[in-house]
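The values are calculated or read from the model by the stated rules, or taken from the named source; none is laboratory data. For clarity, every value in this text was computed on a predicted model and none was experimentally measured. Quick reminder, even Gly has a Cβ in these numbers, built from the backbone with ideal geometry, and neighbours come from all protein chains shown.
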């Protein structure tokens, strides 16, 4: 019986330290965080993105209005961010957006022409031009 008890203690002593390494640190929670997406509208009452997708269709000889929704956390405020809209790697629009709280929702929109099909990307840039996040999508 003593052998089983000592075996159990030995297993605990060997396994527990491996699960909790010495000097392990949790990820910092005060770093800026960005959640974003592209969709077909913004619900102004709930301040949420509507029609989120990775692919959108624009009819021939028509336009499509798309919205980039961004949730920002842990930014030093007041500040501003920029939504940089890119089509096939070329800058199509730069939209400056004020940020007045450390947890903040903001959005911009871009009218897409039927001739602007292909890959798109929206990047969120901080006041220094550093990319905080990006969202890619396709227009057909």
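Details
- Those residues of segment 116-133 which are touching a residue at least 60 places away in the same chain (Cβ under 8 Å), over 13 Å from residue 66 (Cα atoms) and under 12 Å from the mean Cα position of the chain (by Cα), in sequence order: 124, 132, 133
- When residues of segment 1-60 are limited to those that are within 17 Å of residue 72 (Cα to Cα) and exposed (fewer than 11 other Cβ atoms within 10 Å of the Cβ), the one modelled with the highest pLDDT: 46
- Put simply, of 113, 66 the only residue that is crowded, with 18+ Cβ neighbours inside 10 Å, touching a residue at least 12 places away in the same chain (Cβ under 8 Å) and over 14 Å from the mean Cα position of the chain (by Cα) is 66.
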